[in-house]
1. Are any of the residues in the range 157-172 part of a loop (DSSP other than H, G, I, E, B), modelled with pLDDT of 85 or more and touching a strand residue (DSSP E or B) at 6+ places or on another chain (Cβ under 9 Å)?
2. Taking R346 as meeting all but one of (1) at pLDDT below 90; (2) of a type in the set (K, R); (3) within 19 Å of V183 (Cα to Cα), write down the number of the exception.
3. Which one is modelled with the lowest pLDDT among residues in the range 109-156 that are among the aromatic types (F, W, Y) and under 22 Å from T386 (Cβ atoms)?
4. Tally time: how many residues in the range 352-385 are outside any helix (DSSP H, G or I) and not small (G, A, S)?
5. Considering only the range 345-352, I want to know if a residue exists there that is in contact with a helix residue (DSSP H, G or I) (Cβ under 6 Å, 6 or more places away or on another chain), outside the structural domain of F239 (by TED's automatic domain parsing) and not hydrophobic (A, V, I, L, M, F, W, C).
6. Within the range 388-436, track down each residue that is within 16 Å of W364 (Cβ to Cβ), modelled with pLDDT of 65 or more and not in a helix (DSSP H, G or I).
7. When the range 298-325 is examined, which residues are found to be of a type in the set (A, V, I, L, M), assigned to a helix (DSSP H, G or I) and surrounded by fewer than 19 Cβ atoms within 10 Å (Cβ to Cβ)?
8. Is it the case, given these coordinates, that A382 is touching a helix residue (DSSP H, G or I) at 6+ places or on another chain (Cβ under 9 Å), crowded, with 17+ Cβ neighbours inside 10 Å and modelled with pLDDT of 90 or more?
Amino acid sequence: MTLTNQAMQKNKQLLVIDDDAGVVEYLTEMLTVSGYGASGETDPQHALQRLETEHFDLVISDVEMPGMRGLDLMSAIHERKPGQLILLITAFGSIDLGVRSLQAGACGFVTKPFSLIDLTAAIERAFRDRQMRREIVRVATADENFTTRELVAESPKMQKILQLADRTARIDSPVLLTGESGVGKGALARFIHEHSPRAKGPFLQINCAALPFTLVESELFGVRKGAYTDAREHRPGLFVEAEGGTLFLDEIAEMPLAIQPKLLQALETGKVRPVGAAGEIATDVRIIAATNQSIEKALQNGLIRPDLYYRLNVIRFDIPPLRERLPDLEHLVDHLLQNAQTKLQRQIHGISAEAMRWIRAYSWPGNVRELANMLERAVALAEHDTILLEDLAQATQIPVEDNFLGKAASQSMTLAELEVAYIRRILEITQGNKAQAAKILGIDRGRLYRKLED
């Protein structure tokens, strides 16, 4: 046993309850030798009185005692101290009773005869589980606002984006969203729609890269029966179906060049001509386009027409990747875990601190979509009511970092210098927001100010 573990155990106070004085004396002596602070009682009523005035980290009680059985004693203790850890000792062959004890609120049980190693293992497991639960990141309650559940705006960058999006929603100008795959472009498009005067109208979307070239035009603008071999009926097209609402054109840089002039005309005139139709149809649609490519490179490479580029690039949002939005992570985890619980009908209390530390260290190349998929898988397959590190599929990968610690070691930085460098790094990430930086660092704002002044 390490000195650290011994020091931790000396701070743990245990109360042993058994009607056999010899058992109490033996267990308290052995637990004391093992490094715990241990005392005992042979009378359950006396034990209850002590629990009223003294603090014990763990109660170890026999199940079979005259006057009051262990389950009744546990119930009486929990009436007074609902969070008290209680480990029960059952006779050999009473496994069913042990299971009922767990269901009734015991943190564990050991069966007679048991060794000191068995008992201390059960004790350590109880404290480890309690510590894990104390470190669980809270899971948010259900968020009724569907539109913002993936648009957490704790980071300064996302706060600015949502503020601008709220203002943008009130006007009808085209919007262009750029950012890596999975950052939430679709969620932001829906946010703009549902905060606009068009909120009661439809919100339709099309992935320009997902449809064959021959179908893009008819899907967007409609088709008349008989216009081509497979046109067996009139179809209105998305511009008409989105009347009074919003049409979201995802992966706009993948739209065939041959279709782009017709899209530009629809944007400028508010009219579309279905394939095979003689006349035009007036439409009232708000256009939001998005791409995960560099729109400027697409323009330079001739993948998008300059006139269409300028028509779409009226109001633009460059959504930052998740790795640049560290203050958003914890709140995103809250929302996404809640979504996964609702979808899968599973109850999860939260996520362990160890798992959350890994989430903060990982680079998230797939951004919010990758995080959402990982958490949904974890909720589906977790064997516990808490998401642990081993439940995270990507946790087998080494987090991609910028070798911050390696650079610090190569420069022979002291711990004090490393602390200052890390604080500065977090302030850079939060763009100088000291409240957010203090939250990430796990210290109060006053302490952060004092460290900055040193």
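The values are calculated or read from the model by the stated rules, or taken from the named source; none is laboratory data. These figures come from a predicted structure and were not determined experimentally. Cβ coordinates were reconstructed from backbone atoms using ideal geometry, including for glycine residues, and neighbour counts include every protein chain displayed.
1. The answer is yes, given that some residue of the range 157-172 is part of a loop (DSSP other than H, G, I, E, B), modelled with pLDDT of 85 or more and touching a strand residue (DSSP E or B) at 6+ places or on another chain (Cβ under 9 Å).
2. (3)
3. Result: F109.
4. 6
5. Within the range 345-352, one or more residues are in contact with a helix residue (DSSP H, G or I) (Cβ under 6 Å, 6 or more places away or on another chain), outside the structural domain of F239 (by TED's automatic domain parsing) and not hydrophobic (A, V, I, L, M, F, W, C).
6. L392
7. A298, L299
8. So A382 does not fit the description; no.
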